[in-house]
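Report on the structure given below.
All of the numbers you see were taken from the coordinates with simple rules; none came from a lab. Computed from a prediction, not measured in an experiment: that's the story for all the values here. Note that we place each Cβ from the backbone using ideal geometry, even for glycine, and neighbour counts take in every protein chain shown.
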Amino acid sequence: MSICKVDDQIAIEVKGIKKNYGHLQALRGVDLKVVKGEIVALIGDNGAGKSTLAKIICGAIQKSEGELYFWGEKTDVQSINHAHKIGVFTVYQDLSLAPDLPVSDNLFLGREIMRNGFLGKLGVLDRKTMRNESKKALAAL
Ligand SMILES: Nc1ncnc2c1ncn2[C@@H]1O[C@H](COP(=O)(O)OP(=O)(O)O)[C@@H](O)[C@H]1O
Ligand SMILES: [Mg+2]
């Protein structure tokens, strides 16, 4: 389901992605294009393979077959850190959120912005920058 198309620059393209977990074939050739500014929802039954596809795109697991392109460039996403470097971030659902922390802390969970602390030595969380960045991101939605 696609909500708002801004232009036709393809941010993410998934071609013929397959994923096997042992004998179980979870993805049997997924094709998907996400253009710049587009909001895409993956909808399907439990076990349809939504999480598997999302994990492949964000580098949490490796595909068995197929190709991934980011901004037109063929890329094998090696890890979550690699995904971050090419601008792919994931906000996890329910149990992976920290309900006691504010929204901005959750958005930056695992990739916190730090600033120099005491005498420029110890890094401390830069909550102000994280809050501002979160506000911008939420306003953009
Ligand atoms: N780590 C795993 N090992 C084996 N099978 C898995 C694993 N993760 C998911 N599966 C199986 O792959 C299929 C797709 O699962 P999943 O991607 O979680 O679907 P969805 O997110 O749409 O509910 C299901 O049959 C599920 O049982
Ligand atoms: Mg799922």
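Bridging of LYS85 to lysines at a Cα separation below 18 Å is possible for LYS36, LYS55, LYS74, once same-chain residues fewer than 8 apart are set aside.
Do any trypsin sites (Lys or Arg not before Pro) in the stretch 44-141 lie in a DSSP loop with no more than 13 other beta carbon atoms within 10 Å, and if so, which?
ARG111, LYS121
Taking each residue as 0.36 nm, the span from ASP76 to PHE118 lengthens on full extension beyond its C-alpha to C-alpha distance by 11.1 nm. Size of the stretch 10-85: Rg and Dmax of its alpha carbons, in Å, are 12.0, 37. Dipole check for the chain: with +1 at the C-beta of Lys and Arg, -1 at the C-beta of Asp and Glu, and the Cα centre as origin, the magnitude is about 300 Debye.
What are the equivalent ellipsoid semi-axes of the chain, built from the alpha-carbon gyration tensor (square roots of five times its eigenvalues), in whole angstrom, biggest first?
The equivalent ellipsoid of the chain has semi-axes of 31, 18, 16 Å.
Within the chain, the longest run free of chymotrypsin sites (Phe, Trp or Tyr not before Pro) that sit in a DSSP loop with at most 15 other Cβ atoms within 10 Å is 1-70. If you run the Gaussian network model on the chain, springs between alpha carbon atoms under 10 Å, then out of GLY44, GLY29, GLY87 the most flexible one is GLY44.
Residues whose amide H lies under 5 Å from that of SER64, counting only those 5 or more places away or on a different chain, are LYS18, LYS19, ASN20; hydrogens are built 1.01 Å from N in the peptide plane.
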